[in-house]
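Student: One structure, as structure tokens, below. Some questions next.
What follows is calculated from the coordinates using simple rules that are stated; it is not laboratory data. Everything quoted here is computed from the prediction, not taken from an experiment. Note that each Cβ is placed from the backbone with ideal geometry, even for glycine, and that neighbours are counted across all protein chains shown.
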Amino acid sequence: MGDPVPQNASTLAYKRVLLKVSGEALMGEGSYGIEQSVVARIADEIAEAKGLGAEICIVVGGGNIFRGVSQAASGMERASADYMGMLATVMNALALQNALEGIGMFTRIMSAIEMTAICEPYIRRRAVRHMEKGRIVIFAAGTGNPYFTTDTAAALRAAEMDCDALFKGTQVDGVYDDDPKRNPNAKRFETLTHRDVMVRDLKVMDQAAIALTRENAIPIIVFSIKERGGVVGALTGTGPHTTIVGE
């Protein structure tokens, strides 16, 4: 049985969305690991968005547990480091699934690397079917390939799931012309184009992810997942965010 989808979706700016949750978002104020209270809050917000009638799938990062690039820089072979990073995303996916199911949400984890004892292998048609049944699908292990980030995995899954938008949850409430943490006068962009992001080399997502969303005409909504209400605010268009769209 799937989780029934409410019919009050008229207030939503987007119906089917992919939410990218970074590993760093799950560690709260800590320097590593998983902060359960933060995971629980994010799960509550996802459940609230689901209650509005949204169809939601999620890609999780693994930077709070293991960051492949930094380990590669210190001497580890890059491909091996990236595979370890993919395993970290599975751990985060399990933590998020546990929090979601603890509040009554129906979920499925689908991994790009097969580990059938704990989650399903990623099969596109099956993932689509889960979403049609109202389940929240959590995609783990990135693309299953080294040298690709979880941002690229998010763009790829958004295209495969025919999502209306890719929601990028960050530590700030949009894309700024400077670092707002260092420059209090930094200005937030209301809208940008994919081309703007690529030409200005804005550090929103990696270039491969931007290119994929641009090619498939998928808007990117950048918002703060650090603040309560960020997910629903971005989903309904009422909260602060930056929208990245095609030319």
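Student: If r is the Cβ-Cβ distance from Arg78 to Thr238 and R0 is 41 Å, what FRET efficiency results, to the nearest 0.05?
Tutor: Efficiency computed from Cβ-Cβ geometry: 0.45.
Student: Which distance in Å, rounded to a whole number, links the C-alpha centroids of the stretch 189-203 and the stretch 136-166?
Tutor: 20
Student: Quick one: if the Förster radius is 22 Å, what FRET efficiency do Ile103 and Arg228 give, using the C-beta to C-beta distance and rounding to 0.05?
Tutor: Taking R0 as 22 Å, the efficiency between Ile103 and Arg228 is 0.90.
Student: A follow-up question, please. So which helices of the chain fit the span-like rule, where a helix is a whole DSSP H run, its Cα atoms reach 30 Å or more along the axis, and its mean Kyte-Doolittle is at least -1.0? Before the final figure, lay out each step's value.
Tutor: Values: long enough: 78-102 (36 Å, 0.41).
For the chain, where a helix must reach 30 Å along its axis and average at least -1.0, the hits are 78-102.
Student: Another question, if that's okay. Out of all DSSP beta bridges with both ends in the chain, state the antiparallel percent to the nearest 5.
Tutor: 10
Student: Another question, if that's okay. Which value, in debye to the nearest 20, describes the size of the charge dipole of the chain about its Cα centre when Lys and Arg Cβ atoms bear +1, Asp and Glu Cβ atoms bear -1, and nothing else is charged?
Tutor: Once rounded to the nearest 20, the dipole reads 260 debye.
Student: Could you sort 232-240, 195-203 so that the peptide with the highest average Cβ count within 10 Å comes first and the rest follow in order?
Tutor: Ranking, from highest mean packing down: 232-240, 195-203.
Student: Once amide H atoms are placed 1.01 Å from N in the peptide plane, what residues at a sequence separation of 5 or more from Phe167, or on another chain, have their amide H within under 5 Å of its amide H?
Tutor: Under 5 Å from the amide H of Phe167 lie the amide H atoms of Leu18, Leu19, Lys20, Ile221, each far enough along the sequence or on another chain.
Student: Calculate one ³J(HN,Hα) per residue across the stretch 198-203 by plugging θ = phi - 60° into the Karplus curve 6.51 cos²θ - 1.76 cosθ + 1.60, and present them in order as whole Hz with x for glycine and proline.
Tutor: 5, 5, 7, 6, 6, 7
Student: To continue, here is another question. Sum -39500 (n - 2.57) across every DSSP H segment of at least 4 residues in the chain, then divide by the residue count to get the 222 nm mean residue ellipticity, nearest 500.
Tutor: Mean residue ellipticity, 222 nm, calculated: -11500 deg cm²/dmol.
Student: Rank by packing, highest mean first: peptides 158-170, 105-117, with packing defined as the count of other Cβ atoms within 10 Å averaged across residues.
Tutor: The densest-packed peptide leads the list: 158-170, 105-117.
Student: Still on this structure, I have one more. I'd like the distance separating the alpha-carbon centroids of the stretch 20-37 and the stretch 217-239, in whole Å.
Tutor: 18
Student: To continue, here is another question. Do you know the relative contact order of the stretch 9-245, to the nearest whole percent, from alpha carbon pairs under 8 angstrom that are 6+ apart? Before the final figure, lay out each step's value.
Tutor: Working: 490 pairs, mean separation 53.1, N = 237.
Relative CO of the stretch 9-245 lands at 22 percent.
Student: Please rank Asp151, Asp44, fewest neighbouring Cβ atoms within 10 Å first, as an exposure proxy. List each step's numbers first, then the result.
Tutor: On the way: Asp151 25, Asp44 15.
Fewest to most other Cβ atoms nearby, the residues stand as Asp44, Asp151.
Student: Could you pull out every residue, at least 5 positions away or on a different chain, whose amide H is within less than 5 Å of the one on Lys226? Hs are placed 1.01 Å off N in the peptide plane, and Pro or chain starts have none.
Tutor: The list, which skips near neighbours in sequence, is Thr170.
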